[in-house]
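A short write-up of the structure that comes next.
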Amino acid sequence: MITSFDGKYSFLSNFYAAQTLYNGVLYPTSEHAYQAAKAIEESDKKKILMCATPDESKHLGRKIKIREDWDNIKDQVMYEIVKEKFSNPFLAKKLINTGDEILCEGNYWHDNHFGACSCSKCINLPHENVLGKILMRVREELK
């Protein structure tokens, strides 16, 4: 089981520096693309695109007005963005090379939807691990 998307497995993270095309725009990372997809205003999408780091894009994405239907579509958007990211042959090979390992975005920032937070507050909560499941789905599609 791969439970940390850093070091050798940093390429699995949405913060990994891999340009990602989404809705005709080339973003510096899949995190930038995901945060921009939430935005209603074009000006907010452009601000997110211009963020220097994925962390900065994530913080900005928390401050903007988001789509009304976001909770209903966010998992599908994440799938589309991750699939596009791994259309890069180099990254596709790295993902395929994880074999049949279970992929789980272990974290400490209380994200139990896309990952599994291991802090004392979250350890006993349900962990949906949606990002890990999306990565494993894309890996199977690439095989």
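When Glu68, Glu101 are screened for being closer than 19 Å to Met1 by Cβ and assigned to a loop (DSSP other than H, G, I, E, B), only Glu101 passes.
Of the residues making up the stretch 117-143, those that are open to solvent by less than 80 Å² (accessible area, probe 1.4 Å), in contact (Cβ under 8 Å) with a residue 40 or more places away in the chain and farther than 18 Å from Asp71 by Cβ number 4. One residue stands out among those in the stretch 107-116 that are out of contact with any Gly (no Cβ under 6 Å at 6 or more places or on another chain) and closer than 17 Å to Asp6 by Cβ: the one that is least open to solvent (accessible area, probe 1.4 Å), which is Gly115. Filtered by the rule that a residue be of a type in the set (S, T, N, Q), within 25 Å of Asn23 (Cα to Cα) and either crowded, with 17+ Cβ neighbours inside 10 Å or in contact (Cβ under 8 Å) with a residue 12 or more places away in the chain (or both), the stretch 85-106 gives a lone residue, Asn88.
Restricting to the stretch 48-65, and then to whatever is surrounded by fewer than 16 Cβ atoms within 10 Å (Cβ to Cβ) and assigned to a helix (DSSP H, G or I), can you tell me which residue is farthest from the chain's Cα centre (by Cα)?
Looking at residues that are surrounded by fewer than 16 Cβ atoms within 10 Å (Cβ to Cβ) and assigned to a helix (DSSP H, G or I), I get His59.
State which residue is farthest from Glu84 (Cα to Cα) when the search covers only the stretch 104-143 and only residues that are basic (Lys, Arg) and assigned to a loop (DSSP other than H, G, I, E, B). Only one residue fits best here, namely Lys121.
So that you can scan it fast, the table gives a plain yes or no per residue for (1) touching a residue at least 60 places away in the same chain (Cβ under 8 Å); (2) within 18 Å of Ile134 (Cα to Cα):
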site	(1), (2)
Ile2	yes, yes
Tyr22	yes, yes
Pro28	no, no
Lys63	no, no
Asp69	no, no
Lys83	no, yes
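Looking only at residues in the stretch 1-29 that are closer than 17 Å to Thr53 by Cβ and in a strand (DSSP E or B), the one that is most open to solvent (accessible area, probe 1.4 Å) is Leu26.
The values are calculated or read from the model by the stated rules, or taken from the named source; none is laboratory data. Every value quoted in this text rests on a predicted model; they were computed, and no experiment measured them. Cβ atoms come from the backbone with ideal geometry, glycine included; neighbour counts cover every protein chain shown. In case anyone asks, the SASA skips ligands and DNA or RNA and just uses the protein heavy atoms, side chains included. Shrake-Rupley method; radii C 1.70, N 1.55, O 1.52, S 1.80 Å.
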